[in-house]
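Student: Quick one: this structure, given as structure tokens, is what I'll be asking you about.
The values are calculated or read from the model by the stated rules, or taken from the named source; none is laboratory data. Just so you know, these numbers come straight off a predicted model, no measurement behind them. Methodologically, a virtual Cβ is constructed for each residue, glycine included, from the backbone with ideal geometry; neighbour enumeration extends over all protein chains shown. Areas reflect the complete protein model, heavy atoms only, side chains present, ligands, DNA and RNA absent. Shrake-Rupley method; radii C 1.70, N 1.55, O 1.52, S 1.80 Å.
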Amino acid sequence: AQSVTQLDSHVSVSEGTPVLLRCNYSSSYSPSLFWYVQHPNKGLQLLLKYTSAATLVKGINGFEAEFKKSETSFHLTKPSAHMSDAAEYFCVVSEGPGSGAGSYQLTFGKGTKLSVIP
Amino acid sequence: KAGVTQTPRYLIKTRGQQVTLSCSPISGHRSVSWYQQTPGQGLQFLFEYFSETQRNKGNFPGRFSGRQFSNSRSEMNVSTLELGDSALYLCASSLTGNSYNSPLHFGNGTRLTVT
């Protein structure tokens, strides 16, 4: 079984300061991990994904995340926040091929709302 | 390339009625999956279709059903609506449905309100 915990439901940062959104996961198999972003009244957009290649993953809009197996974490970071980053962010886990799951059912975290103060 | 299109964008129904939501995937994508998003429960997986066959199903009652057509378009049906079915319903498509190497592309959702 797999699960995802996003440690903060709401994060507030000033424009130009670093962003850190925390995510811990649990999975019986080698997981795939994703971060998605959702702007108000929109669907989710993929920011980045980890699928057992490099542990430091670079995504769109300057975001990156580091997979740490020993800490079962996949935190999302950005060096400098922009007003347009204000949105809700979801950490997502999908169990890998060894799980036997036919279609890689996804489990979503509860989301972290990011506010950016001008 | 056109994105995932969901219709309608907004829907208001009464308890006990039924509703059908539609999703047109990105051209060439054969997998369509559906999710329910509510403030209390977050995003929950409903089901996934691939080449007209349901491959995976989440933990929802039988009132929630779906189908996929030969052109990969998908519909989701909810019968005997309850107040708790009020939610944003998101559809996502992918080339293979294998999130390991074929990420999901989401539509903007259908906001269903049950009164």
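Student: All but one of (1) part of a loop (DSSP other than H, G, I, E, B); (2) closer than 24 Å to B:T96 by Cβ hold for B:Q17; which doesn't?
Tutor: (2)
Student: Check A:V4 against each of (1) among the hydrophobic types (A, V, I, L, M, F, W, C); (2) open to solvent by less than 70 Å² (accessible area, probe 1.4 Å); (3) more than 30 Å from B:C23 (Cβ to Cβ) and name the one condition it does not meet.
Tutor: (3)
Student: Among (1) closer than 17 Å to A:S94 by Cα; (2) of a type in the set (D, E, K, R); (3) away from chain A (no Cβ under 11 Å), which single condition is B:R67 missing?
Tutor: So B:R67 meets the others, but not (1).
Yes or no, residue by residue, for (1) within 14 Å of chain B (Cβ to nearest Cβ); (2) over 17 Å from A:L106 (Cα atoms); (3) under 10 Å from the mean Cα position of the chain (by Cα):
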| position | (1), (2), (3) |
| --- | --- |
| A:L44 | yes, no, no |
| A:K49 | yes, no, yes |
| A:K58 | no, yes, no |
| A:S70 | no, yes, no |
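Student: Out of the range A:28-70, which residues are on the phi > 0 side of the Ramachandran plot and part of a loop (DSSP other than H, G, I, E, B)?
Tutor: A:N41, A:S52
Student: Related question: Would you be able to tell me the number of residues in the range B:70-115 that are assigned to a loop (DSSP other than H, G, I, E, B) and more than 14 Å from chain A (Cβ to nearest Cβ)?
Tutor: Total satisfying the criteria: 10.
Student: Among the numbered conditions (1) open to solvent by 60 Å² or more (accessible area, probe 1.4 Å); (2) within 14 Å of chain B (Cβ to nearest Cβ); (3) within 22 Å of B:L104 (Cβ to Cβ), tell me where A:S9 comes up short.
Tutor: Single failed check for A:S9: (3).
Student: Hey, another quick one. All but one of (1) in contact (Cβ under 8 Å) with a residue 24 or more places away in the chain; (2) open to solvent by less than 20 Å² (accessible area, probe 1.4 Å); (3) within 11 Å of chain A (Cβ to nearest Cβ) hold for B:R55, so report the exception by its number.
Tutor: Unmet for B:R55, out of (1) in contact (Cβ under 8 Å) with a residue 24 or more places away in the chain; (2) open to solvent by less than 20 Å² (accessible area, probe 1.4 Å); (3) within 11 Å of chain A (Cβ to nearest Cβ): (2).
Student: Right, another one. Here is a list of conditions, (1) touching a Pro at 6+ places or on another chain (Cβ under 6 Å); (2) on the phi < 0 side of the Ramachandran plot, and B:S72 meets all of them except one; can you say which number that is?
Tutor: Status for B:S72: all satisfied but (2).
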